[in-house]
Structures are given as structure tokens and as C-alpha cells.
Amino acid sequence: MAYKTINKNNRTVDVYDDGRIFQHAFTGADGRKWKGKFIKQANDQDGYKLVSIGSGQGFGAMFKVHRLVIEAFSESFNSSLQVDHINGEKSDNSLSNLRMSDSSSNGRAFRSKIKNTTSRFRGVYWNKKAKKWKSDIRKDGHKFFVGLFNSELDAAKAYNAKATELGFYPEALNQLS
């Protein structure tokens, strides 16, 4: 496992590429020495992993683990962008699962299919009036009509082609197998 050392909240921490965070030993204001250790991670209300850095007692500042990992390892880190979990799993903070993304791309990247829809694919639904499978896609507030199809699979393939044309991440495509 690779790691990079960074400073956060006046403390030195090692950020590992698998998402673990090690806080180095320090001497407190009261003169007591504190041994370094891996910081216990907690979940925030949205399911992201958090660590407290800055106090041996757990009262330091809170940092999101995925942002620490990408900040430590990525030359493309930009604090104004979002960090996208490629596989959609918020607790998987391994470097290979993270990338910088703008808000709209991050929202399109990995999304579960909406429940209670007529199709098993994203962007595809049964059109009762036409008695065909309809496909459409949204980007930046615009809805694009993809087409009407005799088969659900053909509609999903067309959705994927349009999503690729519009620059969606591969994770936003329908899994056709």
C-alpha cells in the first residue's frame, strides 16, 4: 500500500491509497505524549467516511476520507470540484475508485435505476400510446429524445450510444449483459 504524508489541522497524517488514515504521534499542550494510530472512521448522514484529525481525544476537525485520498495522491485535485466514487460505493475510498468531477458529471456517473419503472434499463420505458419502448436522456437540464424501439434492449443500446455521444462516464451506461 502506498501512502503520502500531508498536514491537516496542524497534524501530520499519512493518507494511504486504500483509504486508511494514520495520525502521527505528538506532544500535547499538557506535555503528554500521544502515540500515532490509524484513525477510526465514521459515516456521515450521507454514507461518506469521515475522520477526526487534530486531537488524540477525537475532538479534532472532521474531514471526508475520499477528499483526503484524492488530495494526497492526485495532481488534478481541485477543491472547487467534487470527488466521484467511480463504482458508486461511498465507503470505497481506494484511490483507484476516485476521480475529480464537476457536479453535473458526478450526478450522471453512477446512478441506480429508478424503482417502479417499466424497464430494467436507465432512460428506457414502455410508451403505451406508441406500444413501443421509448428512450430519452437528460443533460444539463435538456431532454433528448433518442427514439422508439420494438425491443427494450434496442432502446437501451440507443440510450448508451447517445450517452457516449454526450460525454457521459462509462459507469452511466446501461449494463446490457
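The values are calculated or read from the model by the stated rules, or taken from the named source; none is laboratory data. These numbers come from a predicted model, not from an experiment. Note that each Cβ is placed from the backbone with ideal geometry, even for glycine, and that neighbours are counted across all protein chains shown.
In the range 136-151, how many are surrounded by 11 or more Cβ atoms within 10 Å (Cβ to Cβ) and either within 30 Å of Asn97 (Cβ to Cβ) or modelled with pLDDT under 95 (or both)?
Count: 6.
Considering each residue of the range 1-53, count those that are acidic (Asp, Glu) and surrounded by 11 or more Cβ atoms within 10 Å (Cβ to Cβ), and give that number. It would help to see each step written out before you state the result.
First, pick out the residues of the range 1-53 that are acidic (Asp, Glu): 14, 17-18, 30, 44, 46.
In the following step, the residues that additionally are surrounded by 11 or more Cβ atoms within 10 Å (Cβ to Cβ) were identified as 14, 17-18, 44.
Qualifying residue count, the range 1-53: 4.
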